[in-house]
Amino acid sequence: MNNFSNDVKNNLEQAYGWFRHLHQNPELSFQEHETTKFIIDKLKKLENIEILTPTETGCIGVLKGKLDGPVIGLRADIDALPIFEETDIDYKSLNNGVMHACGHDAHTSVLLTVATVLNGYADQLQGTVKFIFQPAEELPPGGAIDLVKSGALDDVQYFFGAHLMPNMPTGTVALKPGLMFYSSDKFEITIQGKGGHAAIPNLAVDPVIIQAEMILAFQTIVSRKTNPIYSPTISTTVVKTAEGPANVIPDTVRLAGSVRNLNAEVRQETAEWIKKVANGVCDLHGATCKVRYTFGYDTVINDDIPYGMSLKAAQNILNEKAIIVMKDPIPASEDFGSYRKIAPSTYFLYGGANEEKQTNITPHHPKYKADEESFYYGAMMFLSIVEETLMKK
Ligand code: NI
């Protein structure tokens, strides 16, 4: 038998302390050196946990149970964002221009709490838990892929990840079978025309007109070139021309944008069409262009078996009203999909919205705040998953 609920409650003050320290000392993606030291320092105090450091930042804690059984991976991301914090909290970022604005400080504190609690249950565990403190979730290509390539997680049979969400009330958990997050790619295009006088455009090759046609033509990839069931989202977000007087046609225009997909095949097609359309429009007008298409994060798909385990885990600790089974995927992205290259995985959300405390502000906003009361539910979900997967009689 376990006493997880009391164990977590007894460790909450410590978790809040860790969270506040991490919040005050945020580090950017791939630069989480002090954060990693902090995590290792806490894990070292847990006598049953072995520490692996297969990547430059981030680490893995390994807790082997007394009995044989499956290996599961529980993942937290640890990096912060290049944002100037504008909250009113007294543990504001001390690293100017860097902020934990996506709750990864909360994720880290929650997973450290889970490790702390489980350390006391090694003799009851039928299998192994790997606590994955992953760097660089915020910056493609992301930190997950290096951990996957390192081999340190090759024996994991199921991966579980989670995110604190400011748009769901504290105390709720959301799950979804199948597709959870879209894939995310980007394109960068330089159109090379020929500048000239605005009054005699026939002697120039105007990249501004070409750019306008190109941006609109990209939308026909969505509406006419790809399967409407799996329509991609194409957003041209950067349009840059030379800073010049209004009567000069510039030589070049630079475009950049973001592409989201929910289907792997359509994702490939979209990439090819972007290149084809860009080159075709330029060709038509006698211009040339350079297209750079970068594949970013894969979709996050929640596999049936671990999804079922997480749903059962939620039902074991929450009443029905607090469990949200989502119908639609979220058109955002996450590098958690990388772990699926090794084994089936699932991702769940736990709520942190509290209007009074203003913890209902969207992530990546300078006024974003995490609700500490949500930590209990995040930790309990992970522990309930462990109970479901490694502590069955
Ligand atoms: Ni995040």
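For Thr36, the criteria (1) within 16 Å of the ligand (Cβ to nearest atom); (2) in contact with a Pro (Cβ under 8 Å, 6 or more places away or on another chain) hold in every case but one, which is (1).
Scanning segment 116-154 for residues that are open to solvent by less than 40 Å² (accessible area, probe 1.4 Å), away from the ligand (no atom under 16 Å from the Cβ) and outside any helix (DSSP H, G or I) turns up Leu125, Gly127, Thr128, Val129, Lys130, Phe131, Gly151, Ala152, Leu153.
Give me the residue from segment 285-323 that is free of Cβ contacts under 8 Å to residues at least 12 places away in the same chain and part of a helix (DSSP H, G or I) and, out of that set, farthest from Val386 (Cα to Cα).
Let us first name the residues in segment 285-323 that are free of Cβ contacts under 8 Å to residues at least 12 places away in the same chain, namely 308, 315, 319-321.
Going one step further and asking which of them are part of a helix (DSSP H, G or I), we end up with 308, 315, 320-321.
Values: Gly308: 13, Gln315: 14, Glu320: 20, Lys321: 23 Å.
Top of the filtered list is Lys321.
Have a look at Gly17, Gly61 and point out the one that is at pLDDT 95 or above and either within 16 Å of the ligand (Cβ to nearest atom) or assigned to a strand (DSSP E or B) (or both). Before the answer, list the steps.
Details: Gly17 fails: either within 16 Å of the ligand (Cβ to nearest atom) or assigned to a strand (DSSP E or B) (or both).
Exactly one residue qualifies, and that residue is Gly61.
Applying the criterion of being within 22 Å of the chain's Cα centre (by Cα) and either in a strand (DSSP E or B) or at pLDDT below 95 (or both) to the residues of segment 232-241, the residue that is surrounded by the fewest Cβ atoms within 10 Å (Cβ to Cβ) is Thr237. Between Phe19, Phe4, the distinction of being crowded, with 18+ Cβ neighbours inside 10 Å and either polar (S, T, N, Q) or touching a Ser or Thr at 6+ places or on another chain (Cβ under 7 Å) (or both) belongs to Phe19 only. Could you tell me whether Arg267 is among the charged types (D, E, K, R), crowded, with 17+ Cβ neighbours inside 10 Å and away from the ligand (no atom under 16 Å from the Cβ)? Answer is yes for this residue. For Asn247, the conditions (1) touching a Pro at 6+ places or on another chain (Cβ under 7 Å); (2) free of Cβ contacts under 8 Å to residues at least 60 places away in the same chain are fulfilled apart from (1). Total residues in segment 155-172 satisfying the condition of being in a strand (DSSP E or B), within 29 Å of Ile51 (Cβ to Cβ) and either away from the ligand (no atom under 16 Å from the Cβ) or at pLDDT below 95 (or both): the figure is 2.
Go through segment 216-244 and give me each residue that's hydrophobic (A, V, I, L, M, F, W, C) and more than 19 Å from Gln268 (Cα to Cα). Within segment 216-244, Leu216, Val238, Val239, Ala242 meet the criteria. Pairs meeting the criteria (first residue in segment 97-114 and on the phi > 0 side of the Ramachandran plot, second residue within 11 Å of the ligand (Cβ to nearest atom) and open to solvent by less than 10 Å² (accessible area, probe 1.4 Å), beta carbons under 7 Å, at least 6 apart or on different chains) are Gly103/Leu164.
The values are calculated or read from the model by the stated rules, or taken from the named source; none is laboratory data. Values in this document were obtained by computation on a predicted structure and should not be read as measured data. Cβ: placed from backbone, ideal geometry, glycine included. Neighbour counts: every protein chain shown. Note: areas computed on protein heavy atoms with side chains; ligands, DNA, RNA excluded. Shrake-Rupley method; radii C 1.70, N 1.55, O 1.52, S 1.80 Å.
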